[in-house]
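Asker: Here you go, one structure.
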Amino acid sequence: FKMCPGRVLCKLPCSGEKEVDLAVQSAKAAFKIWSQMSGMERCRVMLEAARIIREQRDEIATMETINNGKSIFEARVDIDISWQCLEYYAGLAGSLAGEHIQLPGGCFGYTRREPLGVCVGIGAWNYPFQIACWKAGPALACGNAMVFKPSPFTPVSVVRLAEIFTEAGVPKGLFNVVQGGAATGQFLCHHPDVAKISFTGSVPTGMKIMEMAAKGIKPVTLELGGKSPLIIFSDCSLENAVNGALMANFLTQGEVCCNGTRVFVERKILDTFTKEVVKRTQKIKIGDPLLEDTRMGALINRPHLNRVQGFIKQAKEQGAEVLCGGDLYVPDDPKLKNGYYMRPCVLGNCKDDMTCVKEEIFGPVMSILPFDTEEEVLERANATKYGLAGGVFTRDIQKAHRVVAALKAGMCFINNYNVSPVELPFGGYKSSGFGRENGRAAIEYYSQLKTVCVEMGDVESVF
């Protein structure tokens with residue numbers, strides 16, 4: 001692979017109903033073997049997969065950068081998070097257990113934590129390899145098999161993950177990859193031998209997946225979009241808050257579901273904060289994502305770039321002020337001239353009813369809004385259909401905990417943003433979805449509990 005901005009990298013055939021069925025049946029056969037292995041046996045295989053990823057970190061990161069367009073600096077972080085995720089769930093695999101409950105008369109009961117079967121993972125194009133690991137880690141640790149469908153915009157790196165699992169020693173077919181768009185996803189969701197669906201993507205697609213899953217009474221995990229609030233109080237460390245705002249808006253070219261794109265700034269520091277954010281935003285190095293000093297690569301494709309540009313145009317029409325960026329960027333390197341680049345944008349003079357403040361843009365666009373009181377900003381912060389994330393910057397730790405307790409969001413940050421340790425659960429409230437990825441919480445969504453009641457004497461019949 002090499003960088004080919006605006007050109008086709010490779011062509012992959014879409015998986016039709018026949019291919020989806022083959023993948024599911026293969027996973028079903030592998031599940032019979034994998035689910036009967038002990039947790040410690042599964043642990044060793046998953047640790048080997050993590051080791052391979054760790055050793056091939058730079059190679060996989062390069063593949064991911066070409067796959068997605070993000071900077072190589074960020075891609076390496078994604079790959080590190082990926083092997084850490086597999087290590088974490090490998091460690092949990094041997095500890096999964098039920099309970100023993102003593103009952104009257106010497107009787108007792110116990111519970112068994114059992115796998116679900118063949119799980120489907122449907123990934124997004126912003127973190128292709130990492131999302132696949134986030135779903136595969138807990139699924140495989142619990143003894144499940146998985147059929148994974150990456151986004152058709154980023155089909156490549158997940159195939160490498162499947163190869164790594166095979167090299168590590170999982171039963172053949174335990175982690176299968178199918179390629180395609182909506183039709184392939186529908187075949188997966190409707191397949192009678194699929195036990196669970198985990199989806200990362202947009203709210204409209206999440207709704208469709210939930211409808212399809214309902215017809216088969218299949219449990220779902222939905223990690224959907226967001227329009228998250230980032231609240232900056234005047235008593236914050238200004239430099240830290242500016243760093244947080246940049247992290248909350250411009251990672252992966254702004255194509256991050258939990259980004260804090262509604263930046264509420266206490267009025268008394270509004271001008272100072274805004275000036276510093278604009279200054280720092282203008283210094284972000286854009287260009288060839290494979291260069292070490294690049295900090296912002298290209299957006300995923302031309303239609304998405306046009307969509308983000310449309311949001312900025314509409315924001316200006318509704319009265320927002322473009323304080324910096326928002327225009328297309330053409331790198332000096334002629335081989336990059338067809339890339340989907342834009343300058344990161346900061347919008348001022350924003351109002352709560354503007355489209356740029358209400359709708360998820362999914363691009364490098366920050367909206368700054370002033371506020372006066374804690375009560376006011378909390379009401380405004382929660383006035384959204386989304387509830388994925390939220391953040392607060394303040395030196396007052398009591399205020400910080402009070403504010404995050406009041407935020408209607410599943411992932412909250414205090415004096416940082418977009419930190420994703422695999423040990424902590426990740427997921428949203430409201431239209432941002434339900435279920436959790438990462439942490440021990442994910443085990444609940446990839447396993448089921450069986451209760452066994454044991455009678456030690458004769459059965460007393462009421463008949």
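Asker: Using the C-alpha gyration tensor of segment 229-414, what are the square roots of 5 times its eigenvalues, in whole angstrom, with the largest one first?
Answerer: Result for segment 229-414: semi-axes of 28, 17, 15 Å.
Asker: Nearest 5 percent is fine: what portion of the DSSP beta bridges confined to segment 229-414 is antiparallel? Can you show the working numbers first?
Answerer: On the way: 4 of 24 bridges.
Beta bridges within segment 229-414, antiparallel portion: roughly 15 percent.
Asker: Write down the percent of antiparallel bridges among all DSSP beta bridges whose residues are both part of the chain, to the nearest 5.
Answerer: Values: 18 of 55 bridges.
Taking every DSSP beta bridge within the chain, about 35 percent pair in antiparallel fashion.
Asker: Would you mind checking segment 290-327 for residues with the amide N under 20 Å from a putative spin-label position 7 Å along Cα→C-beta of Phe73?
Answerer: Hits in segment 290-327 for Phe73 at 20 Å: 290-300, 325-326.
Asker: If Lys and Arg each add +1 and Asp and Glu each add -1, what is the summed charge of the other residues whose beta carbon sits under 13 Å from the beta carbon of Glu255?
Answerer: -1
Asker: Sticking with this one: Please give every one of the aspartates and glutamates within straight-line cross-link reach of Lys172, meaning a C-alpha to C-alpha distance under 20 Å, and leave out same-chain neighbours fewer than 8 residues apart.
Answerer: Partners found: Glu19, Asp21, Glu41, Glu48, Glu163, Asp193.
Asker: Give the accessible surface of the chain per residue, rounded to a whole number of Å², with probe radius 1.4 Å and ligands, DNA and RNA excluded. Before the final figure, lay out each step's value.
Answerer: Working: 20050 Å² over 463 residues.
Ligands and nucleic acids excluded, the figure is 43 Å² per residue.
Asker: Using Cα pairs under 8 angstrom and six or more residues apart, how large is the relative contact order of the chain, in percent?
Answerer: Working: 1006 pairs, mean separation 87.3, N = 463.
It comes to 19 percent, rounded to a whole number.
Asker: Arg112 label point, 7 Å along Cα→Cβ, cut-off 20 Å on backbone N: hits in segment 179-201?
Answerer: Taking a point 7 Å out along Cα→Cβ of Arg112, the residues of segment 179-201 whose backbone N falls under 20 Å are 195-196.
Asker: Next up: Note the full-extension length gain between Asp293 and Arg343 as 0.36 nm times their separation in residues minus their Cα-Cα distance, in nm to one decimal.
Answerer: Numbers: separation 50, 0.36 × 50 = 18.00 nm, distance 1.61 nm.
Full extension of this stretch gives 16.4 nm more.
Asker: Also, I was wondering about something else. Over every pair of different alpha-carbon atoms in the chain, take the mean of 1/r and invert it; report that Kirkwood radius in Å.
Answerer: 23.3
Asker: Compute the Cα gyration tensor for segment 135-202, then decide on rounded, prolate or oblate, letting a ≥ b ≥ c be the square roots of its eigenvalues: rounded whenever a/c is under 1.5, prolate when a/b is larger than b/c in the other cases, and oblate in all that remain.
Answerer: Details: a/c = 1.83, a/b = 1.26, b/c = 1.45.
Because a/c hits 1.5 or more and a/b fails to exceed b/c, segment 135-202 counts as oblate.
Asker: May I ask you to rank Lys358, Lys227 by accessible area, largest first, using a 1.4 Å probe over the protein chains only?
Answerer: Result, largest first: Lys358, Lys227.
Asker: In the chain, carbon and sulfur make up what percent of the accessible area (probe 1.4 Å)?
Answerer: For the chain, the apolar C and S fraction of the accessible surface comes to 54 percent.
Asker: Beyond 17 Å, what share of the Cα-Cα pairs of segment 269-317 is found? Please give it as a whole percent.
Answerer: Values: 703 of 1176 pairs.
Of all Cα-Cα pairs in segment 269-317, 60 percent lie more than 17 Å apart.
Asker: How much net charge surrounds Thr166 when only other residues with a Cβ under 13 Å from its Cβ are counted (Lys, Arg +1; Asp, Glu -1)?
Answerer: That works out to -1.
Asker: Using the beta-carbon distance between Lys215 and Ala441 and R0 = 25 Å, what value does 1/(1 + (r/R0)^6) give for FRET efficiency, to the nearest 0.05? Before the final figure, lay out each step's value.
Answerer: On the way: r = 27 Å, r/R0 = 1.07.
Here the calculated transfer efficiency is 0.40.
Asker: Per DSSP helix of 4 or more residues, -39500 (n - 2.57); summed, then divided by the residues of the chain. What does that give at 222 nm, rounded to the nearest 500?
Answerer: Estimated from H runs of four or more residues: -12500 deg cm²/dmol.
Asker: Still on this structure, please answer the following. Run the numbers for Asp458 and Glu276: contour at 0.36 nm per residue of separation, minus the present Cα-Cα distance, in nm.
Answerer: 57.7 nm
Asker: Just subtract the alpha-carbon distance of Lys208 and Gln398 from 0.36 nm times their residue separation and send over the number in nm, one decimal.
Answerer: Value of the extension gain: 64.3 nm.
Asker: Antiparallel as a % of all DSSP beta bridges within segment 314-413, to the nearest 5?
Answerer: Just about 40 percent of them are antiparallel.
Asker: Give the accessible area for Phe273 in Å² (nearest 10); use a 1.4 Å probe, count only protein heavy atoms, and leave out ligands, DNA and RNA.
Answerer: Using a 1.4 Å probe on the heavy atoms, I get roughly 0 Å².
Asker: Now for a different question. Simple spin-label model, 7 Å along Cα-to-Cβ: His100 to Lys268 in nm?
Answerer: So the two model labels end up 6.2 nm from each other.
Asker: Quick check: net charge around Asn240, other residues with Cβ under 13 Å of its Cβ, Lys/Arg +1 and Asp/Glu -1?
Answerer: -1
Asker: For segment 229-414, please report how many Lys pairs fall under 21 Å Cα to Cα, leaving out neighbours fewer than 8 apart on the same chain.
Answerer: Here the count comes out as 21.
The values are calculated or read from the model by the stated rules, or taken from the named source; none is laboratory data. Keep in mind it's a predicted model, so treat the numbers as computed, not measured. Because the Cβ atoms are built from the backbone with ideal geometry, glycine has one as well, and the counts that use them run over all protein chains shown. Surface areas here come from the heavy atoms of the whole protein model, side chains and all, with no ligands, DNA or RNA. Shrake-Rupley method; radii C 1.70, N 1.55, O 1.52, S 1.80 Å.
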